[in-house]
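Below is one structure, written out as structure tokens; comments come after it.
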Amino acid sequence: MKRYKAVLFASDGDWVTDFKGNTKEEVMEQLADRGSRWFFYPLEAIIKDNGRLTTAQQRIVDAPEPLDRFIGMTIKRTSEIIANTELTELL
């Protein structure tokens, strides 16, 4: 069974993972209810959960607008783009 988790990006390109679920929709629901816990990581996407270790080479499988343009990109490439782009241009 595929499992998914969220990858959250800061405006400087730093990223963390959290919010696991059996479906992309479960992870999206958790993201919608996250409150201010990850305030400094406002940009969110979904990746496959391959266990404890998440590498920068994993690919984004889903993301809400306007970050849906990163679907298919690696975490590393997405992080680089975010780090080199003004946050207002991303949103």
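Tabulated data for the structure shown
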read-out: Matching option when the condition is surrounded by fewer than 17 Cβ atoms within 10 Å (Cβ to Cβ), touching a strand residue (DSSP E or B) at 6+ places or on another chain (Cβ under 6 Å), over 18 Å from Leu91 (Cβ atoms) and free of Cβ contacts under 8 Å to residues at least 40 places away in the same chain, among Val16, Val27; value: Val16
read-out: Residue in region 40-53 that is acidic (Asp, Glu), surrounded by 18 or more Cβ atoms within 10 Å (Cβ to Cβ) and out of contact with any Phe, Trp or Tyr (no Cβ under 7 Å at 6 or more places or on another chain) present; value: yes
read-out: Of the criteria (1) in a loop (DSSP other than H, G, I, E, B); (2) within 22 Å of Glu89 (Cβ to Cβ); (3) in contact (Cβ under 8 Å) with a residue 40 or more places away in the chain, which one Lys2 fails; value: (2)
read-out: Helices (runs of 4 or more DSSP H) completely within region 16-91 that count 1 or more residues being among the basic types (Lys, Arg) and farther than 16 Å from Lys5 by Cα; value: 75-83
read-out: Which numbered condition Leu67 misses (of (1) without any contact (Cβ under 8 Å) to a residue 24 or more places away in the chain; (2) at negative phi); value: (1)
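Yes or no, residue by residue, for (1) under 21 Å from Thr85 (Cβ atoms); (2) of a type in the set (Gly, Ala, Ser); (3) within 12 Å of the chain's Cα centre (by Cα):
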| residue | (1), (2), (3) |
| --- | --- |
| Lys2 | no, no, no |
| Gly13 | yes, yes, yes |
| Asp18 | no, no, yes |
| Lys24 | no, no, yes |
| Gln30 | no, no, no |
| Phe40 | yes, no, no |
| Glu44 | yes, no, yes |
| Lys48 | no, no, yes |
| Arg52 | no, no, no |
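Values quoted throughout were computed directly from the atomic coordinates according to the rules given, and no laboratory measurement underlies them. Predicted, not measured: the structure shown is a model, and the values here were computed from it. Reconstructed Cβ throughout: ideal geometry from the backbone, glycine too, with neighbour counts over all protein chains shown.
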